[in-house]
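Pasting in a structure now, in structure tokens, and then I'll have a few things to ask.
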Amino acid sequence: MFTLETPSEIAGTVDALIIGAGPAGMTAAVYLARKKRSVAIVAEDIGGQVAWTIGIENYMGYQYITGRELTSKFEEQVRQFPIPIVTDEVKELRMASEGFVAVTEGGREISSRTVVIASGKRPKELGVPNERRLIGRGLSYCATCDGPLFAGLEVAVCGGGNSAIQAAIEMAQVAAKVYVVSRSPWRADAVVAEKAEGLKNLEKRVGFVVVDVIGESRVEGLRIRNRESGAEETIPVRGVFVEIGLAPNTAFAKGLLKMNGSGEIEVNCRCETNVPGIFAAGDVTDVFEKQIVVAAGEGAKAALSAHEFLIRRG
Ligand SMILES: Cc1cc2nc3c(=O)[nH]c(=O)nc-3n(C[C@H](O)[C@H](O)[C@H](O)COP(=O)(O)OP(=O)(O)OC[C@H]3O[C@@H](n4cnc5c(N)ncnc54)[C@H](O)[C@@H]3O)c2cc1C
């Protein structure tokens, strides 16, 4: 197989616009290109959540593969086809005479006959004043990605679910001390919680809310408040990991598509949304389970449904 040069811009109206280049979006692109459909991808990055993952042990065909390697393999497969991949953020999706128009942050207006939304999820924010300013300066949303940078330092993990406690266990291997700050009792699976409870350098702070992250040029502490007494204190940490869950990237489709209470796009088993011609796949949808293999499978289904829709439309 040879790799074609990937066009960097999208010309005219494409048969299918794919929003997102995670496993769902990249799989959908390959399926549609193999049906000889004109396809374009617009995505903020290539890889999505897979690119943040250190090791994957449950994607068939690989007993172990790093997130970056799997991303490269997906991308390599997409680049076998002349599919334009535009790095941009979709801000708005609207109906148009030929189908749909996606408006991007960079000012593009991309026209397509169908759309496959595969925009996945992103980490939820704490919503405290200094949070955004300190991202990448000691504040991270991914212990798996950034953890090694905090070797020998004291850090805090915010959250009490599976991802938070797993992040705390991971951090306890490299950091001097790990504080786990949660509003309410841990909700992690018993087996995960038991493992964390046994760690000598892990300290639980249950019943606390985060007031702010402290620091000028980088994180110097985490200000927390006891929900019962109202007393505040600052934990002197150099790293803060926010692990309070993920939210679907659906802002651009609000008002257009039907979503569930968690903001996920509602799809049927053919990945059809409530708007004919718009399909959705992967973590951004209400599909049962959020996994790479599930997202890739859903991406394939969405692509085949879009192809069938285009045949019916003629
Ligand atoms: C730390 C971590 C570890 C994980 N480990 C595993 C594991 O071991 N095994 C497993 O099976 N699963 C794992 N998962 C889950 C798995 O990564 C996801 O289920 C999968 O990546 C979902 O794929 P997706 O294509 O639906 O979305 P995503 O991977 O979230 O990709 C979304 C894509 O959409 C783009 N995008 C978002 N908004 C916009 C917008 N407005 N405009 C344009 N583009 C946009 C993003 O840039 C990205 O390219 C893990 C997840 C995390 C966070």
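We did not get these values from a lab; they are worked out from the coordinates using the rules stated. Since the structure is predicted, the reported quantities are computational estimates derived from the model, not experimental observations. Positions of Cβ are backbone-derived with ideal geometry, glycine not excepted, and every protein chain shown enters the neighbour counts.
Taking a temperature of 4 °C and a viscosity of 1.567 mPa s, what whole-number D in µm²/s does Stokes-Einstein yield for the chain with Rh from Kirkwood over alpha carbon pairs? All intermediate terms of the calculation are to be shown ahead of the outcome.
Working: Rh = 20.8 Å.
This corresponds to a translational diffusion coefficient of 62 µm²/s.
Turning to a different aspect of this structure: Residues of the range 89-125 with amide nitrogen under 18 Å from the 7 Å Cα-to-Cβ point of Asn268?
Label zone hits: 115-117.
In the structure displayed, which of Lys177/Lys290; Lys35/Lys254; Lys91/Lys121; Lys258/Lys290; Lys36/Lys290 lie more than 21 Å apart, Cα to Cα?
On the way: Lys177/Lys290 31 Å; Lys35/Lys254 30 Å; Lys91/Lys121 15 Å; Lys258/Lys290 19 Å; Lys36/Lys290 29 Å.
From Lys177/Lys290; Lys35/Lys254; Lys91/Lys121; Lys258/Lys290; Lys36/Lys290, over 21 Å: Lys177/Lys290; Lys35/Lys254; Lys36/Lys290.
Arg313 to Asp189: FRET efficiency via 1/(1 + (r/R0)^6), r the Cβ-Cβ distance, R0 41 Å, to the nearest 0.05? Don't skip to the answer; put the middle values down first.
Working: r = 46 Å, r/R0 = 1.13.
My answer for the efficiency is 0.30.
Cα centroid distance between the range 46-112 and the range 162-233, in Å?
33 Å
Further, regarding this structure: Among Met26, Met259, rank each residue by its count of other Cβ atoms within 10 Å, from fewest to most, as a rough exposure measure.
Lowest to highest Cβ neighbour count: Met259, Met26.
Also, quick follow-up: Fully extended, how many nm does the chain gain between Ala11 and Phe288 (0.36 nm per residue separation, minus their Cα-Cα distance)?
On the way: separation 277, 0.36 × 277 = 99.72 nm, distance 3.58 nm.
In short, 96.1 nm is gained.
If you take the beta carbon distance between Phe81 and Ile135 as r and set R0 to 25 Å, what does 1/(1 + (r/R0)^6) give as a FRET efficiency, to the nearest 0.05? Intermediate results must be reported in sequence, preceding the final value.
Numbers: r = 35 Å, r/R0 = 1.39.
The pair Phe81/Ile135 has a calculated efficiency of 0.10.
Do any cysteines of the chain lack a neighbour Cys whose Cβ is under 4.7 Å away, and which are they?
Result for the chain is Cys158, Cys269, Cys271, no neighbouring Cys Cβ within the cutoff.
Given H placed 1.01 Å from N in the peptide plane, which residues other than close sequence neighbours of Leu139 have an amide H under 5 Å from its amide H?
For Leu139, whose amide H was placed from the backbone, the distant partners under 5 Å are Val219, Val240.
Where both residues lie in the chain, what percent of DSSP beta bridges are antiparallel, nearest 5? Can you show the working numbers first?
Numbers: 27 of 61 bridges.
Just about 45 percent of them are antiparallel.
Kindly state, to the nearest 0.05, the FRET efficiency for Glu125 paired with Gln173, given R0 = 25 Å and r defined as their beta-carbon distance. Walk me through the numbers before you get to the answer.
On the way: r = 26 Å, r/R0 = 1.04.
Taking R0 as 25 Å, the efficiency between Glu125 and Gln173 is 0.45.
Still on this structure, please answer the following. By DSSP, what percent of the beta bridges with both residues in the range 115-235 are antiparallel, rounded to the nearest 5?
Working: 10 of 21 bridges.
Here the share of antiparallel DSSP bridges comes out near 50 percent.
Considering every Cα-Cα pair within the range 121-215, what fraction, in whole percent, is farther apart than 19 Å?
38 percent
Which aspartates and glutamates, on any chain, are close to Lys204 with Cα under 19 Å apart, when same-chain ones fewer than 8 places away are left out?
Excluding near neighbours in sequence, the set is Glu154, Glu170, Asp189, Glu194, Asp212, Glu228, Glu232, Glu233, Glu243.
Subtracting the Cα-Cα distance from 0.36 nm times the residue separation, let me have the gained length for Thr234 to Asn201 in nm, one decimal. It would help to have the intermediate numbers written out before the result.
Working: separation 33, 0.36 × 33 = 11.88 nm, distance 1.83 nm.
The span from Thr234 to Asn201 would gain 10.1 nm if fully extended.
How long is the gain from Arg227 to Ile54 if the chain were fully straight, where each residue apart is worth 0.36 nm and the alpha carbon distance is subtracted?
Values: separation 173, 0.36 × 173 = 62.28 nm, distance 3.49 nm.
Residue separation times 0.36 nm, minus the Cα-Cα distance, leaves 58.8 nm.
Each residue of the range 101-118 in turn: what ³J(HN,Hα) in whole Hz from Karplus with 6.51, -1.76, 1.60 and θ = phi - 60°, glycine and Pro shown as x?
After applying 6.51 cos²θ - 1.76 cosθ + 1.60, I find 10, 9, 9, 10, 4, x, x, 7, 10, 9, 9, 8, 7, 9, 9, 10, 8, 9 Hz.
Then there's this: Add -39500 (n - 2.57) for each DSSP H run of 4 or more in the chain, then divide by its residues: what number comes out at 222 nm, to the nearest 500 deg cm²/dmol?
Details: 6 runs with 71 residues, N = 314.
One gets -7000 deg cm²/dmol as the mean residue ellipticity at 222 nm.
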